[in-house]
Amino acid sequence: MEVELKTIPLTLLDVSSIQYNTGQIKGLPKNPRFFRDNRYRLMKKSIEESPEMLYLREIIVYPVDDSFVAIGGNLRLRACKELGFKEVPCKILPVETPTKKLREYASKDNVSFGENDVESMRQEWNIEELMGWGVELPEEKKKDAFEQRFNGIKDEDAIYPMIPKYDEKHELFIIHSSNEVDSNWLREKLGMQRMKSYKSGRLSKSNVISIEDVRHALEDSNSKS
């Protein structure tokens, strides 16, 4: 059954007449949406500073007996009640709306399909304002010096590593790393190259270096400090 929603008017309802969705409608599970304390605080602050935004994203309700159940906007409703709002703008779904549609509306109201262009936001927007409005930006990844240099080496410039010989004239030293960041840090500090395998010719990050190169790298590092 299709329900005509285009003509539903915006209605101001008394907040005391609206219930949270706790699963009281048969076939509609309770609202699964929740925010961590900090995110909820930011959303509440946003509503307090710009209550007019509620007219752009109203609370969706469904009539039950003499009251209403919030289908979309349970957390906005909670914030409004805590802020002391007497009325909130709502759209009232028709009573003949199928339960399947109620589940769909409740789920889709919580979905964010788009992704932010984080780099553009960092360069063109005021970061403090964004954070104050509750926009979360991922932490900037630290630039990996070795990765940058490694990716800048052309295949034809890659060299073959020396082949270690384990006899009385050569010693093997092992440095253990449990993650890529530390491995690349060491490669960068030692000036290690992008190398071809002496067996297959495959290009990869080198793990073999002569003690002379290590010595030069350490001496250069000490001279700069």
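Annotation: amide H-H contacts under 5 Å for Gln19 (H modelled 1.01 Å from N, sequence separation of 5 or more, or interchain): Phe68, Val69, Ala70.
Using 0.36 nm per residue and subtracting the Cα-Cα separation, the extra length available between Phe173 and Lys189 on full extension is 4.1 nm.
Viscosity 0.692 mPa s, temperature 37 °C: give me the Stokes-Einstein translational D for segment 48-88 in µm²/s, with Rh taken as the Kirkwood radius over C-alpha pairs.
303
The length gained on full extension between Asp14 and Val64, counted as 0.36 nm times the residue separation minus their Cα-Cα distance, comes to 16.5 nm.
Judged by the mean number of other Cβ atoms found within 10 Å, the most tightly packed of the peptides 183-195, 16-28 leads the ranking 183-195, 16-28. Gln24 sits among other residues whose Cβ lies under 11 Å from its own Cβ, and their net charge, with Lys and Arg +1 and Asp and Glu -1, is +1.
Label positions at Ser204 and Asn126, each projected 7 Å from the Cα along the C-beta direction, are separated by 5.2 nm. Taking amide H positions as modeled 1.01 Å from N, with prolines and chain starts lacking one, the residues under 5 Å from Leu13 and 5 or more places away or on another chain are Val88, Cys90.
Length gain on complete extension for the stretch Asp220 to Glu119, per 0.36 nm per residue less the alpha carbon to alpha carbon distance?
On the way: separation 101, 0.36 × 101 = 36.36 nm, distance 3.53 nm.
That works out to 32.8 nm of additional length.
Could you sort out which of Lys6/Lys30; Lys45/Lys101; Lys44/Lys100; Lys45/Lys100 sit more than 28 Å apart by Cα distance in this structure? The pairs that break the limit, which is 28 Å between Cα atoms, are Lys45/Lys101; Lys44/Lys100; Lys45/Lys100.
None of the figures in this text is laboratory data; all of them are computed from the coordinates on show. No experiment lies behind these values; they were computed from the predicted model shown. Glycine also receives a Cβ, built like all others from the backbone with ideal geometry; neighbour counts cover every protein chain displayed.
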